[in-house]
Amino acid sequence: MKHAKQKFVFNKYDNQKDEILEENNTLQQDVEENNKIDKIFKIICNVLIIFILVYFFKSCVITHGQSVSSIQKMIFFFFVVISICLFVGINYILSKKNYKLEKLFLIVMIPISIIYSLIMIPGMVPDEATHMRLTYSLASQIMGVEKDKTTLRGEEKYIYEHLPQAPNQESYDYSYTHLLSGEDNGEYVTIDEDSANWKQIFWYFPAVIGTIFARIMHFGATPTLYIARLFNLFFYIWLTYFSIKKIPIGKQLLFMISILPMCSQQMMSLSYDAILNASAFFCLAYGLFFVYHSEDVRYDEYIKYLFAAVLLLSIKSAIYSFLLLVPILSKFDNINGNVHLERKHKIILVLSISILILLLNFVSFGSTSSKEVVESTAVSKHIISWSGTEGYSIGWLITHPIEGIALFINTINLKLEWYYYSCLGQDLSWFTVKLPFELFKCWGLLLLISALKKEENKIDGRMRILFICINSIVFFLVLLSMCIYWTPLGYDHIEGVQGRYFIPIIYTIIIIINNKKICLKENIYKYINVFPCFLVVLTIRSLINACYL
């Protein structure tokens, strides 16, 4: 009987050992099979890279062979940069088992942003003339060469007065031939424009630093412009890199948003949209980090978060500061029932943000358009600057509630689809650069796929409601501001709203669809992320042909 028991134990042990060996063999076979699939996919992707580059060369480099020589050289430069970007980016994805999305962001966006900056030359980005004047005015004030009127160097004044709003070969030729200009032209002249309010330094500080640096180094006016743009780019990439790295949920979605054509246009311009978008991404990422990883929060992370919060509170009349409510109104996870820890985090955030609001209230509702909008709400009648006619006011909307509601509803019916596609970047520049509609169906599809990634953390019902409320409030305030500031009385829809105004909340709009039932596993995204790299190149190809032809 004893021997029978021992035999049974040995047989059981042998069976377990065989099962383990069989399981290990199965796992090894799966690994080998996956490696084979990766190798085949890598070969296919590299073949596709060659085909796309040949297509790019034929449709761009050869097609523009009759353009002025500076444009021809620039397009060939784009071809070289894109070739390197594609090979490095795609092989990084396929060669690394645990590749990082934030590093892929750097690989893709640093070269691509430079290309966008050289195609969308100064003046072609919306309102860049105004951003240029305010940036230069702030830089001149800091350097002590400006008093009451905006002060520029001689060649800077010439460029400011001749900024293009639509693509033309003369402007491209001037910009490219003066790109490495060493003409200092240090004599300062004034123009008939009031000096920028020093409080606007929050909006433009990276570009202001770049301008001062270029002037001190005696660079020409065109290099100064591009260096100022470059500092804006550095700031955007710096904040967005850490946003993608830190965000605990929707990392894939934030990565996809950050490389959209509209973000690429705005991030390397003089527009404060680069500061606004980067700050919004940063506040969202760190706010969600406080919610999902509250036990790991360090005090220096509060300082970083509050730095970005200052920018959100000071730009665009603090409309986007509602994003700061995410860590305050959400229920914290991973605190093991430590209610005191949750209260501690929220008290710190509430007190800090309250102090910032008190200190920056005069900044958030400072000068320029924001002030004009606020002042106009105090009276029943005011004049719209571009039309010279009476416009809507808060008083009118209160006394005509039914007509006011109809105005907003009609705007949504007429414009919502355009807001969506222009937010992605279908209409660039001053809506003069229109890219193929099919491209943005692909961009939209990639955004939806990114939001369906299976996540370790989940979005509960409370957070979904919070996101919906924030999105609704921001959407309403954007429409309201343009209704008052930009829409003549009698119009049946609100004028002046652009899709790019919704980039700061596009994450909170789309992430709502993330769920546990309909989701895609993480390993699939290794292959999915190859397609944005190809799509970026196809978008640039369309952009070149739209601008240079």
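The values are calculated or read from the model by the stated rules, or taken from the named source; none is laboratory data. Values in this document were obtained by computation on a predicted structure and should not be read as measured data. Positions of Cβ are backbone-derived with ideal geometry, glycine not excepted, and every protein chain shown enters the neighbour counts. Areas reflect the complete protein model, heavy atoms only, side chains present, ligands, DNA and RNA absent. Shrake-Rupley method; radii C 1.70, N 1.55, O 1.52, S 1.80 Å.
Values computed for the structure shown
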item: Inter-residue pairs, beta-carbon under 7 Å, first closer than 15 Å to L284 by Cβ and free of Cβ contacts under 8 Å to residues at least 24 places away in the same chain and in segment 446-469, second open to solvent by 20 Å² or more (accessible area, probe 1.4 Å) and in a loop (DSSP other than H, G, I, E, B), 6+ apart; result: none
item: Subset of segment 237-250 (residues that are β-branched (V, I, T) and either crowded, with 24+ Cβ neighbours inside 10 Å or assigned to a helix (DSSP H, G or I) (or both)); result: I237, T240, I244, I247
item: Residues (closer than 21 Å to V537 by Cβ and without any contact (Cβ under 8 Å) to a residue 12 or more places away in the chain) located in segment 97-148; result: K103
item: Lone unmet requirement of (1) in a helix (DSSP H, G or I); (2) within 26 Å of I82 (Cα to Cα); (3) open to solvent by less than 40 Å² (accessible area, probe 1.4 Å) for S181; result: (1)
item: Residues satisfying the stated conditions in segment 456-496, i.e. among the hydroxyl-bearing types (S, T, Y) and more than 23 Å from I247 (Cα to Cα); result: S481, Y485, T487, Y491
item: So H178, is it of a type outside the set (S, T, N, Q) and touching an Asp or Glu at 6+ places or on another chain (Cβ under 9 Å); result: yes
item: For Y176: the one exception among (1) open to solvent by 10 Å² or more (accessible area, probe 1.4 Å); (2) over 22 Å from M267 (Cα atoms); (3) not polar (S, T, N, Q); result: (2)
item: Hey, D173 at pLDDT below 95, in contact with a Lys or Arg (Cβ under 9 Å, 6 or more places away or on another chain) and more than 30 Å from L312 (Cα to Cα) or not; result: no
item: Pair list, Cβ under 6 Å, 6 or more apart: segment 368-397 residue hydrophobic (A, V, I, L, M, F, W, C), other residue modelled with pLDDT under 85; result: V374/F365; I394/T377
item: Condition met for Y92 (in contact with a Leu (Cβ under 7 Å, 6 or more places away or on another chain), surrounded by fewer than 19 Cβ atoms within 10 Å (Cβ to Cβ) and either among the basic types (K, R) or not in a loop (DSSP other than H, G, I, E, B) (or both)); result: yes
item: Residue ranges of helices (runs of 4 or more DSSP H) in segment 258-338 with at least 1 members at pLDDT below 90; result: 273-292, 299-314, 326-329
item: Check on S59, more than 11 Å from R541 (Cα to Cα) and either outside any helix (DSSP H, G or I) or open to solvent by less than 70 Å² (accessible area, probe 1.4 Å) (or both); result: no
item: Odd one out for P111, checked against (1) surrounded by fewer than 24 Cβ atoms within 10 Å (Cβ to Cβ); (2) within 20 Å of F234 (Cα to Cα); (3) in contact with a Ser or Thr (Cβ under 7 Å, 6 or more places away or on another chain); result: (3)
item: Within segment 260-277, considering residues that are of a type in the set (A, V, I, L, M) and in contact with a Ser or Thr (Cβ under 8 Å, 6 or more places away or on another chain), the one surrounded by the most Cβ atoms within 10 Å (Cβ to Cβ); result: L270
item: Residue within segment 119-127 that is charged (D, E, K, R) and either over 21 Å from the mean Cα position of the chain (by Cα) or part of a helix (DSSP H, G or I) (or both) present; result: no
item: Leading residue by the ranking (surrounded by the most Cβ atoms within 10 Å (Cβ to Cβ)) among those in segment 468-504 that are in contact with a Ser or Thr (Cβ under 8 Å, 6 or more places away or on another chain), of a type in the set (S, T, N, Q) and in a helix (DSSP H, G or I); result: S481
item: First in segment 151-177 and farther than 10 Å from M124 by Cβ, second anywhere and aromatic (F, W, Y) and open to solvent by less than 60 Å² (accessible area, probe 1.4 Å), Cβ under 6 Å, 6 or more apart; result: L152/Y136
item: Qualifying residues in segment 505-523 (those that are out of contact with any Lys or Arg (no Cβ under 9 Å at 6 or more places or on another chain) and at pLDDT below 90) - the one most open to solvent (accessible area, probe 1.4 Å); result: K517
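This table checks each residue for (1) open to solvent by 10 Å² or more (accessible area, probe 1.4 Å); (2) more than 18 Å from M124 (Cβ to Cβ); (3) in contact with a helix residue (DSSP H, G or I) (Cβ under 6 Å, 6 or more places away or on another chain).
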residue: V208; (1), (2), (3): no, yes, yes
residue: T211; (1), (2), (3): no, yes, yes
residue: H218; (1), (2), (3): yes, yes, no
residue: F235; (1), (2), (3): yes, yes, yes
residue: Q252; (1), (2), (3): no, yes, yes
residue: S258; (1), (2), (3): no, yes, yes
residue: S279; (1), (2), (3): no, yes, yes
residue: D300; (1), (2), (3): yes, yes, no
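Residue by residue, here is whether (1) surrounded by fewer than 19 Cβ atoms within 10 Å (Cβ to Cβ); (2) within 23 Å of the chain's Cα centre (by Cα); (3) outside any helix (DSSP H, G or I) holds:
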| position | (1), (2), (3) |
| --- | --- |
| I398 | yes, no, no |
| C442 | yes, yes, no |
| L445 | yes, yes, no |
| I459 | no, yes, yes |
| L466 | no, yes, no |
